[in-house]
Structure formats: structure tokens, C-alpha cells
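Undergrad: Shown below is the structure under consideration.
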Amino acid sequence: MNWQLPRLAPGEDFPPASQALPALSPFPGLLAAGGRLDADTLERAYRRGIFPWFSPGEPILWWSTDPRMVLRPEQLRVTRSLKQSARRFVRNPAVRLRIDSAFAHVMQQCGAQRADAGTWITPGMLSAYSALHARGLAHSFELWEGESLRAGLYGVCIGRMFFGESMFTTVADGSKTLLMALCGFCLREGIDLIDCQQQTDYLAQMGAAPIARETFLRHVEESTSLPAVQGWHYDQAMYLTDCARWL
């Protein structure tokens, strides 16, 4: 079968997400190639349930997978060992949980941790998402020990919809503790769905589950039209309050 993939000129609009390559194709969920990788294009893509994912040397590739992996914050699975790790972090006076104090550094560390297997966090990606961060649309959750960044995750938030992108850790349960922080934050701010993009065993173990793309796109349209979150700051006291149900 001949699968047709649209080639976008810089600034050209995306085709409907429903036109992404189907499950039986070589690249399920692939929607288009080309276009421009900048803050305007990224914002337009996320509002339509589309995300970029490509390796160095490849053209810009845009995806909208079906089904879509999502995590409902209240359904986060917290194991006994994770609960113990989270409590240990909070009790350590050298550890601090922060938001947006080192966004670019978090992205760089996410890329570095995947360098051996190949990473999609290219210099162009870093530049585009940093521009989104400057607009207040991309955010990082961070776990610091003293002056060292031990774990981080980042994503895009438009209205009341959070689109998770990547995470890293150099300590046991560091990124899981931040995922717990993100879920608690989302519950407080009225964000009831976190986009996880693709299905993985790790995400399933944390409580994520697939939903139909059509359902996901309806939710994205509704949630991104809501007022933006204003309180992008964080500390240990907020963590204890937000995550009390799991601790």
C-alpha cells in the first residue's frame, strides 16, 4: 500500500490529526514532515494534539498517535518504595523541589541521559521549547540536592492541559517523585489529564492508560481554551499538601 505523507513548507498549516498514518502503516501516528520548528508552530501543534519527534539528520516529523497514552493525575500509582523515597527526599534538608528554575538544563539532561540510544532533544528542539518557556507555555519540575540538579521533567501547558515531554534522574525514584509532584500540582490547578504521547510499560506501571485519539482531541480542544495556570512556583510545603493522598 502506498502511504502518502504531507510535506509541509515553513509556516504551512497542519493537516487534521485524524489523517495521521494508521496502525497498519510502517509509522503509525506520523502526520507530516517538514515545516518550521519554532514557538508559534509548537503552540499551534499542541493545541491540535500534535507533537514533534525526530532524530538528528531527519526532517522535522509531526505525530498524533492513536490511541494516545494519558495519565489522569488522581490515578497515579504510588508504590510503597516510591512513597518511602518521596518522604526521604522531603525530609532531607539539602533537597529542594522547584519549578522553572533551570528549564534548559532539564532539557539538556533529558537529552544527555538518552544520548547512547539516540535523542530527539536536538539543539533546534532546545531552542524552540526554550522560546515556549519564555512565553510561559513550557515548564520544568526539578529536584535539587544542594547546587546539583538530580532529577527533572518538562512539558508544555496550555490552558488546563499538560503535555508531558521527557524526564531524567540520577537518583533512585527522582523522576517518579517529580511525576508525583506534577500530578499533585495538576489536581490543585484543575488539570485533569496529562498527555504521555506514546504507550510504554513504564508509563502503564505509573497508572497511564491509552484512550482513543478522537476522545483525546476533544479533551485538548476543551482544556486548552480554559484560563492559563498562574501559580508556577513550588516548595516543600506545597508538595506535602498537594501529594498528601500518596504520602
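Undergrad: Taking the stated definitions as given, is P93 farther than 27 Å from G159 by Cα, in the same structural domain as M167 (by TED's automatic domain parsing) and out of contact with any His (no Cβ under 8 Å at 6 or more places or on another chain)?
TA: yes
Undergrad: Let me ask something additional. Let me confirm something: among F162, F185, which residue is aromatic (F, W, Y) and within 22 Å of R48 (Cα to Cα)?
TA: Answer to the check: F162.
Undergrad: Looking at L182, L153, which one is assigned to a helix (DSSP H, G or I) and crowded, with 16+ Cβ neighbours inside 10 Å?
TA: Just a single option satisfies the conditions, and that option is L182.
Undergrad: So, in the range 156-191, how many residues would count as being hydrophobic (A, V, I, L, M, F, W, C) and either more than 15 Å from the chain's Cα centre (by Cα) or not assigned by TED's automatic domain parsing to the domain that holds W120 (or both)?
TA: Residues flagged as hydrophobic (A, V, I, L, M, F, W, C) and either more than 15 Å from the chain's Cα centre (by Cα) or not assigned by TED's automatic domain parsing to the domain that holds W120 (or both) within the range 156-191 amount to 3.
Undergrad: Quick one: which residue in Y202, Y239 is more than 16 Å from the chain's Cα centre (by Cα) and within 24 Å of M107 (Cβ to Cβ)?
TA: Y239
Undergrad: Test of understanding: among L247, L240, which residue is modelled with pLDDT under 95, closer than 13 Å to L97 by Cα and not hydroxyl-bearing (S, T, Y)?
TA: L240
Undergrad: Quick one: what pairs do we get from the range 8-27, first residue over 12 Å from G49 (Cβ atoms) and in contact (Cβ under 8 Å) with a residue 12 or more places away in the chain, second part of a loop (DSSP other than H, G, I, E, B) and basic (K, R), C-beta under 8 Å, 6+ apart or different chains?
TA: P10/R36; G11/R36
Undergrad: Working only within the range 60-74, note down all residues that are surrounded by 19 or more Cβ atoms within 10 Å (Cβ to Cβ) and outside any helix (DSSP H, G or I).
TA: Listed by number, the residues that qualify are I60, L61, W62, W63, S64, T65, D66, R68, M69, V70, L71.
Undergrad: Turning to a different aspect of this structure: Would you be able to tell me the number of residues in the range 20-53 that are β-branched (V, I, T) and within 14 Å of the chain's Cα centre (by Cα)?
TA: Selection size over the range 20-53: 1.
Undergrad: Let me ask another. Look through the range 75-100, keep the residues that are part of a helix (DSSP H, G or I) and under 23 Å from the mean Cα position of the chain (by Cα), and return whichever of them is surrounded by the fewest Cβ atoms within 10 Å (Cβ to Cβ).
TA: Out of the qualifying residues, it is Q75.
Undergrad: Six or more apart or on different chains, Cβ atoms under 6 Å: show the pairs whose first residue is in the range 73-91 and within 12 Å of L178 (Cα to Cα) and whose second is buried (at least 19 other Cβ atoms within 10 Å of the Cβ) and among the charged types (D, E, K, R).
TA: As it stands, the answer is L82/D173; L82/K176; S85/D173, since those pairs meet every condition given.
The values are calculated or read from the model by the stated rules, or taken from the named source; none is laboratory data. In this text, all values refer to a predicted model and were calculated from it rather than measured experimentally. Virtual Cβ from ideal backbone geometry, glycine too; neighbours counted across all protein chains shown.
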